[in-house]
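S.K.: If you scroll down you'll find the structure; I have some questions about it.
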């Protein structure tokens with residue numbers, strides 16, 4: 001069977017039958033739900049930057065979906081504290097998102113040029129000095145990985161690149177399920193070849209960074225899901241612009257067995273995103289966002305701001321991730337402190353018109369109900 005489970009809400013025809021699968025998809029007990037030990041195959045994206053606190057992740061998992069910590073550049077001790085905090089709030093499973101970006105050098109003159117463009121924004125934000133670019137701390141991701149293994153979290157999802165040799169085997173030995181992110185079919189195949197248990201197929205509609213290996217490709221979800229489903233033998237999780245049960249049902253009918261939602265949870269009551277950030281996303285039209293490397297050096301979908309426009313139009317050579325991010329970070333930090341949207345990196349997907357400002361429990365209940373209703377209507 002494509003998807004296994006008990007007392008399904010509805011069946012949906014699946015294109016996966018061409019690969020020898022049974023042509024019936026079941027909601028909600030898909031293979032993704034079973035891998036994660038969750039009641040619903042809905043994964044809250046592991047968004048970095050301090051906006052996936054223990055309260056949010058625990059609330060998602062407690063509601064029957066699957067919460068994920070965005071580890072980003074969290075220190076190992078801080079990551080362990082967040083994991084402990086989640087476990088103090090729920091006994092349901094949750095995961096950790098780890099980043100494995102390629103290491104790239106930059107020219108000193110490039111940093112000087114970017115800092116020159118940022119100078120007016122630092123002045124306006126009250127940032128005294130131009131920062132020096134910072135690469136990913138040596139050994140950070142390996143230490144984060146060890147925390148995930150030691151704590152035996154239910155799932156680790158990886159982005160920006162493949163984990164180091166032996167990492168996935170070590171995770172599996174600790175009983176941890178591993179998901180990897182892909183923006184293309186070739187990336188999906190590489191993720192599976194590395195040993196991942198499922199592929200997160202991230203469409204161009206998705207907010208946040210292009211989280212695949214290194215292509216930063218922009219392929220729409222309707223085209224991407226069935227192509228990835230036909231290319232790999234593991235379950236596929238759809239990510240990108242999904243905000244309600246209609247989007248979930250559509251992804252299921254394209255062959256996905258799980259859904260990853262970021263922007264939808266970013267506006268939830270438990271999210272610690274600044275109020276100015278939430279308000280900007282809630283007011284944005286579906287055509288408002290842009291994809292840019294300006295803020296962090298890696299392509300991401302976000303709402304346009306004067307800072308992004310200045311860097312895009314200046315023609316300065318941008319630094320790679322995360323060095324570019326370290327140059328804009330002091331301005332972003334002041335935006336968080338002062339709740340000023342124009343200094344924030346307003347990451348968000350294309351489905352913002354459908355965003356709802358609800359407690360997580362109400363949002364998850366609504367997503368499940370909407371999915372069941374949509375499947376019943378089209379079935």
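No value in this document is a laboratory result; all are computed from the given coordinates. These numbers come from a predicted model, not from an experiment. Heads up, the Cβs are rebuilt from the backbone with ideal geometry, glycines too, and the neighbour counts pull from every protein chain shown.
S.K.: Shape verdict for region 216-372, please, from the Cα gyration tensor: rounded (a/c under 1.5), prolate (a/b greater than b/c) or oblate.
M.R.: It is oblate, given that a/c is not under 1.5 and a/b is not larger than b/c.
S.K.: Could you calculate the contour length gain from residue 138 to residue 366, that is, 0.36 nm times the residue separation minus the distance between their Cα atoms, to one decimal place in nm?
M.R.: 77.8 nm
S.K.: On to the next question. Under the classification rounded if a/c is under 1.5, otherwise prolate if a/b is larger than b/c and oblate if not, where does region 87-138 fall, given a ≥ b ≥ c as square roots of the Cα gyration tensor eigenvalues?
M.R.: oblate
S.K.: Please compute the Kirkwood hydrodynamic radius over region 34-78, one decimal place, Å, based on all pairs of different Cα atoms. All intermediate terms of the calculation are to be shown ahead of the outcome.
M.R.: Working: mean 1/r = 0.0918 Å⁻¹.
About 10.9 Å for region 34-78.
S.K.: Compare 281, 98, 307 in a GNM of the chain, Cα atoms joined below 10 Å, and give the one with the largest fluctuation.
M.R.: The residue that fluctuates most here is 307.
S.K.: What ranking, highest mean first, results for peptides 153-165, 128-140 when packing means the other Cβ atoms within 10 Å averaged over each residue?
M.R.: Most protected by this proxy first, the peptides run 153-165, 128-140.
S.K.: If R₀ is 30 angstrom, what is the calculated FRET efficiency for the pair residue 34 and residue 337, using the beta carbon separation as r and rounding to 0.05?
M.R.: 0.10
S.K.: Moving to a separate point now. Using only the Cα atoms of region 154-276, build the gyration tensor, take square roots of its eigenvalues as a ≥ b ≥ c, and label the shape rounded, prolate or oblate: rounded if a/c is under 1.5, else prolate if a/b is larger than b/c, else oblate. Mind dumping the intermediate values first?
M.R.: Numbers: a/c = 1.66, a/b = 1.24, b/c = 1.33.
Since a/c reaches 1.5 but b/c is at least a/b, the shape of region 154-276 is classed as oblate.
S.K.: Still on this model: How much length would be gained if the chain were fully extended between residue 290 and residue 150, taking 0.36 nm per residue of separation minus their Cα-Cα distance, in nm to one decimal? Provide the component values of the computation, followed by the final result.
M.R.: Numbers: separation 140, 0.36 × 140 = 50.40 nm, distance 3.89 nm.
So the chain would gain 46.5 nm between residue 290 and residue 150.
S.K.: Once every DSSP H run of n ≥ 4 in the chain is given -39500 (n - 2.57) and the sum is divided by its residues, what mean residue ellipticity at 222 nm do you get, rounded to the nearest 500 deg cm²/dmol?
M.R.: Rounded to the nearest 500, it is -12000 deg cm²/dmol.
S.K.: Residue 214 to residue 77: extension gain in nm, 0.36 nm per residue of separation minus the Cα-Cα distance?
M.R.: Numbers: separation 137, 0.36 × 137 = 49.32 nm, distance 2.85 nm.
Working it through step by step, the gained length comes to 46.5 nm.
S.K.: Can you give me the three principal axis dimensions of the chain from its C-alpha atoms, in Å, biggest first?
M.R.: Computed over the chain, the largest-to-smallest principal extents equal 61, 44, 40 Å.
S.K.: Something else now. Suppose R0 equals 35 Å. What FRET efficiency, 1/(1 + (r/R0)^6) with r the Cβ-Cβ distance, do residue 282 and residue 107 give to the nearest 0.05? All intermediate terms of the calculation are to be shown ahead of the outcome.
M.R.: Numbers: r = 40 Å, r/R0 = 1.14.
Given R0 = 35 Å and the Cβ-Cβ separation, E is 0.30.
S.K.: Using only the alpha carbons, work out the radius of gyration and Dmax of region 64-180 in angstrom.
M.R.: 17.9, 51
S.K.: PRE reach from residue 222 (point 7 Å along Cα→Cβ): which of region 252-275 fall under 20 Å by backbone N?
M.R.: Only 252-260 fall inside the zone, counting backbone N under 20 Å.
S.K.: Rounded to the nearest 5, what % of the DSSP beta bridges within the chain are antiparallel ones?
M.R.: 25
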